[in-house]
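> Here it is, the structure in full.
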Amino acid sequence: MTPSGPFAHLDGERRVIDSSQDSMVRPGQLPPLFQFSQNSLQDYADCRRRFQLRFIEGLRWPAARSEPIEEHEQFVNHGVDFHLLVQRHLLGIPIEKLAPVENPLAEWWDAYLHYPPPDLPTTLRLPEVQLSTPLAGYRLMAKFDLLAIDPGERAVIVDWKTSRKRPPRDQVLNRLQTHVYPYVLAEAGTHLFGRPIAPEQINLIYWFAAAPTDPEILPYSADRHAENRAYLEGLIGEILTIDDEIWPLVEDEFHCRYCEYRSLCDRGVRAGSLDEIDAAEEESDWDFEWDDVEEIAF
Amino acid sequence: MNSHTGEYSGEADPRTMLVEGPFGVGKTSFAIETLFTWLSDGVPPENILVMVPQRTLAYPYWEALRGADYGPLGSVDVRTVNGLAKDMVNIYWPLVAGEAGFAEPERGPHFLTLETAQYAMADFVDRAVENGEFDAINVSPQQIARQIVDNLGKAALMGIDYRQIPDFLTGAWGPDRPRKRVLAYQAAGRVADAYRQYCLKYRLLDYSLQIECFTRLLRLPDFREAFFGARTHLIVDHVEEEDALTHTLIRDWLPHLDAALLVYEQDGGYRVFLGANPEGGQALARDCEGVLTLSESYFTSPGLEALLDEVAYSFNQPGSDPAPEGSDLAFDFAFHSYYPQMIDWVADRIDHLVHDQGIAPKEISVLAPFLSDALRFSLGQKLDQRGIPHVSHRPSRALRDEPAARCVLTLAALAHPEWGERPPQADVAQALQLAIAGLDPVRAALLAKVVYRPGGDEVLTAFDRITPQMQARITYVVGQRYDHLRDWLVTAAAERATALDHFFSRMFGELISQSGYGFHDDPEAGRVVAELVESARKFRQSLYSDQSIDPIEIGRRYFTIVRQGLLAALYVASWRDEHADAVFMAPAYTFLLRNRAVDVQFWLDVGSVGWWERLDQPLTHPYVLSPNWPAGRIWTDSDEVVRQEEMLYKIVSGLIRRCRSHIYLGLSDLGEQGYEQRGPLLRVFQQILRRHPQPVEGLEVSRE
Ligand code: SF4
């Protein structure tokens, strides 16, 4: 007899995966569990050597990224706390159980409640969702703070930004995140949308705790999708063809001031000041998680 | 239904299924196939959860899910139940914090690791030790803390109040054994209570409180509905390694699911110390609509099958028969008088296998009951000499034993005279040698001797204050580097409010990883110091973020516990290690849970009782503190023997099943510590050799 339910494949041929037989790590190559993300691609765009050190060599280098470290740490912690707070809210925890008492969290929370991102779809509100799609022989992954979807109609990606200043529009547009997020949603969001998503049905919103009434709303389009595909494929293709022993170091040493590898590259001693970092870069700095390099959080 | 390689029994079209079989019959492959079938059938990936008992067992799923050949995908979560529980408690904290008795529940929780939990308990233990409350047992305060932390976790898994633990242990101890032990159980109970109140006060969540809060959450109808409703499809791999509480969770979950596949490995259940309950795992078959039994091994050769038969027969397994006479058992046994000879033999054999027989290094594993640093080092060195790459798994090496960490800690002590620590001169010499490029051990010792002034106003003297002859011997280049290091430490010492982890980061980035210093191009040092930074940060943030204690004092406390060896390096073998083409050296138990087969295994110290004996843990008990043990029943010596035999059989048969071609057994008359070796594993192989005589390297005849 042939079953038809979740185990219909039971009668088929067994295929055995002996995981010790494949995916051996070879020096100079991306590791087998690697998937591209906005963080790794941003690293590559900022400095190829940084990409090599972080993702190919998996080198941990515990120098400060920016100074004062104490403030940097607080900044990271507040960012994490705010994301958690919003996640709790979106998951339905009663608002009276959430009110934070300390600033800046209390201020941000107030801003979020009074000036939420405008005109969000209401049917589905999915915090902390991850999607991925194949691209150039690898997977490209995006982890969204919030996907708000009216299936079949429109989808909005929301990213909460807790940088101290609102970055100018051109800085935001240039970030890899702006390319990766809508691209991945358009490619991999079908099951959430109920049918394939046309790029025009996607908006990306950056919401700034420092400027809640002035979010950056970025509509998406088929043209931009095609450009993004070419751009992202090009980047990955480039990464896969580099075979230098030491990948090129970035020319503009400004990046090195906020890079933990500066001692290894002989690019300076003390970490750059938090006050001088671009808001967009400041944000990506905390968004980076070591988990991107290795396995997902366990 | 008679599937390709297995026997199926159950409903025609099951919604839930348990697949069972020993290692290597394709259970996980079937689970992965099932996962992808569900995805192809249109099950939203977010609705699928894969649970595994530990990270290493998630690799096959990650590999499959991260391959580019599968199209667009949402995230299929591959999690441990502990990771899931911790996440749920973190997110839904506002729903449980008050009810669970935490002070200031509107503020966030702090999650403790095993080490930070032990530290949080340390004061309570120390006081009890000083009062003589633990005189009846001969273990260190750290061990006492560790065992009490374990007990709290076990109580959470058993679903009982932790205050009942002394009664459980007393019941199993019985009335006829020395009463002093019972007093120690009671003292442990008091410490547990004081520690628990402390955790509640500062919202510190150790493993036990994470589990208790998660259990509490599951009792809230809204949460329960949301949690069970969030997934429609579930795969649980290695249910035999999960604890009873997880089995209950799965059992409660099953009716809510559209489909579930549970994977049970016969002969598994190695994680007894973590509450593994193989019987409970197998019992889940009764809750499933179908059971698929797979039995055809994809890995083991006829010679190893014959060895498995022999081992089963030696352990009196029901229905077992010895292998037919003349069977070619796929093992070799070599005897050596001294331990180093055994290590040479292993290195030579591996050399032959790799260079003459073309076996890939990653197809070779070297296994021992424990992997000491000495073994790792000496064998590693010999393999290096032969040009053979190797990696080792060191699950519990203390941070203080890592040279890079020692160096950083010593320099930290020099920059923090207010700690009152005076590192020995030899440590300072070693730190200088590692930190300053171009400084050899002899000159480092000289330098430390002339510049180090423990207790002086200036802990380190400037280079220009030492005699010209000495300056010349040390060299001026090194002298300049030393002066810069000294200046840096003096400046850092003046910045009093710096957290220790920040100090480490700055010192690493601005000083010792700069050109001219020892860590400039040293990835291993980078990794170790990164761990140190992370561990110090967790220590500070989890234990002290709600207490207004001077960062200097927090740093001093951290320094003290690292020096005591309490903090283990967090290092777990990464995928880089797991996948490198290198000989893998590991404790047998670690290798088993890696769930991989290799062509060739070396078993070292087969005479060691370490293959058999449980750690001596007088204040806890993995079998008694389990839902399977009837409360009040006395744990007897014969219970001990039965359980140890069971475990040894599991280990030995599990290892054989994870081998494709050949096993080499190494024995030295005197073990690593110089003791004579006559453990039970040796006796098993002596029996086998009697039934199937074969030449033993190093002996004329077998030693029976
Ligand atoms: S220090 Fe500069 S050159 Fe080196 S990896 Fe970082 S950004 Fe690139």
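> Excluding same-chain residues fewer than 8 positions from residue B:362, which lysines have a Cα within less than 19 Å of its Cα?
Of all the lysines, those that pass the test against residue B:362 - Cα under 19 Å, at least 8 places apart if same chain - are B:382.
> Using modelled amide H (1.01 Å from N, peptide plane; none on Pro or chain starts), what sits under 5 Å from the amide H of residue A:144, excluding residues fewer than 5 places away?
The answer is A:129, A:130, A:131.
> Can you work out the FRET efficiency for the pair residue B:691 and residue B:442, with r the C-beta to C-beta distance and R0 = 60 Å, to the nearest 0.05? All intermediate terms of the calculation are to be shown ahead of the outcome.
On the way: r = 58 Å, r/R0 = 0.97.
Efficiency at R0 = 60 Å is approximately 0.55.
> Also: Could you please report the charge total around residue B:428, scoring K, R as +1 and D, E as -1 over all other residues with beta-carbon less than 12 angstrom from its beta-carbon? Write out the running numbers ahead of the final one.
Details: positive: B:406, B:422, B:449, B:453, B:486; negative: B:421, B:427.
Its environment carries a net charge of +3.
> For the protein assembly as shown, what is the charge dipole size about the Cα centre, in debye to the nearest 20, if Lys and Arg each add +1 at the Cβ and Asp and Glu each add -1 at the Cβ? Mind showing how you got there, number by number?
Values: 95 positive and 148 negative charges, 406 e Å.
Here the size comes out at about 1940 debye.
> Taking the Cβ of residue B:648 as the centre, find all other residues whose Cβ is under 13 Å away and add up their charges (Lys, Arg: +1; Asp, Glu: -1). All intermediate terms of the calculation are to be shown ahead of the outcome.
Working: positive: B:614, B:643, B:650, B:683; negative: B:267, B:613, B:640, B:645, B:646.
For residues surrounding residue B:648, the net value is -1.
> Using +1 at the Cβ of each Lys and Arg and -1 at the Cβ of each Asp and Glu in the protein assembly as shown, identify which of B:425, B:480, B:30 lies farthest towards the dipole's positive end.
B:425
> Once phi is turned into ³J(HN,Hα) by the Karplus curve 6.51 cos²θ - 1.76 cosθ + 1.60 with θ = phi - 60°, what whole-Hz value does each residue of the range B:89-106 show in order, with x for glycine and proline?
Result, ordered by residue: 5, 5, 6, 9, 3, x, 7, 10, 4, x, 4, 7, x, 6, 6, 6, x, 6 Hz.
> So how far apart, in nm, are the two label points at residue B:637 and residue B:69 if each is 7 Å from Cα heading toward Cβ?
It is 5.9 nm.
> Let me ask something additional. If you restrict to DSSP beta bridges whose two residues both lie in the protein assembly as shown, what percentage is antiparallel, to the nearest 5? Please report the intermediate quantities before stating the final value.
Values: 32 of 90 bridges.
Around 35 percent antiparallel, to the nearest 5.
> Moving to a separate point now. How much FRET efficiency would the formula 1/(1 + (r/R0)^6) give for residue A:190 and residue B:370, where r is the Cβ-Cβ distance and R0 is 60 Å, rounded to 0.05? Before the final figure, lay out each step's value.
Numbers: r = 52 Å, r/R0 = 0.86.
Working from the Cβ atoms, E equals 0.70.
> If you don't mind, there's one more thing I want to ask. For a Förster distance of 25 Å, can you work out the FRET efficiency between the beta-carbons of residue B:678 and residue B:616, rounded to the nearest 0.05?
Working: r = 19 Å, r/R0 = 0.77.
That pair, residue B:678 with residue B:616, gives E of 0.80.
> Moving on to the next point. For every other residue with a beta carbon closer than 14 angstrom to the beta carbon of residue A:99, add +1 if it is Lys or Arg and -1 if Asp or Glu, then tell me the sum.
Net charge in that neighbourhood comes out at -4.
> Quick check on chain B: helices-only [θ] at 222 nm, where DSSP H runs of length 4 and up contribute -39,500 (n - 2.57) each and the sum goes over total residues. Nearest 500, please. Write down the numbers at each step before the final one.
On the way: 27 runs with 326 residues, N = 704.
Calculated mean residue ellipticity at 222 nm is -14500 deg cm²/dmol.
> Work out the charge dipole of the protein assembly as shown with +1 on the Cβ of Lys and Arg and -1 on the Cβ of Asp and Glu about the Cα centre, then indicate which of B:685, B:139, B:48 is farthest towards its positive end.
Farthest along the dipole direction, towards plus: B:139.
> If you place +1 on the Cβ of every Lys and Arg and -1 on the Cβ of every Asp and Glu, how big does the dipole about the Cα centre of chain B come out, in debye to the nearest 20?
Details: 67 positive and 96 negative charges, 414 e Å.
So the dipole magnitude of chain B works out to roughly 1980 debye.
> Please compute the length gained on full extension between residue B:352 and residue B:104, using 0.36 nm multiplied by the number of residues separating them and subtracting their Cα-Cα distance. Walk me through the numbers before you get to the answer.
Numbers: separation 248, 0.36 × 248 = 89.28 nm, distance 6.48 nm.
Extending this stretch completely gives an extra 82.8 nm.
> Check cross-link reach from residue B:449 to the aspartates and glutamates: straight Cα distance under 18 Å, and skip same-chain residues fewer than eight apart.
Reachable aspartates and glutamates: B:421, B:427, B:440, B:457, B:458, B:464, B:483.
> Give a quick list of trypsin sites (Lys or Arg not before Pro) in the range B:192-278 that DSSP marks as loop, anything other than H, G, I, E or B, with at most 16 other Cβ atoms within 10 Å. All intermediate terms of the calculation are to be shown ahead of the outcome.
Numbers: sites: B:196, B:201, B:203, B:216, B:219, B:224, B:231, B:251, B:271; in loops: B:203, B:219, B:231, B:271.
Taking the range B:192-278 and a limit of 16 other Cβ atoms within 10 Å, the loop trypsin sites (Lys or Arg not before Pro) found are B:219.
> Against the longest alpha carbon principal axis of chain B, how many degrees, from 0 to 90 and to the nearest 10, is the axis of helix B:637-657 turned?
90 degrees
> Toward the positive end of the charge dipole of the range A:19-297, about the Cα centre and with charges on Cβ (Lys, Arg +1; Asp, Glu -1), which of A:87, A:190, A:221 goes farthest?
Towards the positive end, the residue furthest out is A:190.
> Give the residue list of chymotrypsin sites (Phe, Trp or Tyr not before Pro) in the range B:144-232 that are DSSP loop and have at most 10 other beta-carbon atoms within 10 angstrom. All intermediate terms of the calculation are to be shown ahead of the outcome.
Working: sites: B:162, B:168, B:173, B:185, B:195, B:198, B:202, B:207, B:214, B:223, B:227, B:228; in loops: none.
Loop-located and lightly packed - none at all.
> Also, quick follow-up: Given contacts defined as C-alpha pairs under 8 Å and at least six residues apart, what's the relative contact order of the range B:113-203, whole-number percent? Please report the intermediate quantities before stating the final value.
On the way: 66 pairs, mean separation 33.3, N = 91.
With pairs under 8 Å counted, the relative contact order is 37 percent.
> Something else about it: My understanding is that a pair violates if its Cα-Cα distance is over 26 Å; which of B:154/B:538; B:154/B:650; B:180/B:201; B:86/B:650; A:165/B:86; B:27/B:650 do that in this structure? Intermediate results must be reported in sequence, preceding the final value.
Details: B:154/B:538 24 Å; B:154/B:650 23 Å; B:180/B:201 32 Å; B:86/B:650 31 Å; A:165/B:86 33 Å; B:27/B:650 18 Å.
Going by Cα-Cα distance, B:180/B:201; B:86/B:650; A:165/B:86 fall outside the 26 Å limit.
> Okay, moving on. Per residue, what volume in Å³ does the Cα convex hull of the range B:399-566 take up? Numbers along the way, then the final one.
Values: hull volume 16.7 nm³, N = 168.
Value for the range B:399-566: 100 Å³ per residue.
> Can you grab the distance from the C-alpha centre of the range B:466-480 to the C-alpha centre of the range B:102-166, Å, no decimals?
So the two Cα centres are separated by 52 Å.
> What shape does the protein assembly as shown take by its C-alpha gyration tensor, where a ≥ b ≥ c are the square roots of the eigenvalues and a/c under 1.5 counts as rounded, a/b above b/c as prolate, and the rest as oblate?
Numbers: a/c = 1.38, a/b = 1.09, b/c = 1.27.
Judged from the Cα gyration tensor, the protein assembly as shown comes out rounded (a/c under 1.5).
Quick note: the coordinates plus some simple rules give every number you see, no bench work behind them. Please read all numbers here as calculations on a predicted model, not as lab measurements. Here Cβ is always computed from backbone atoms with ideal geometry, including for glycine, and neighbour counts include all displayed protein chains.
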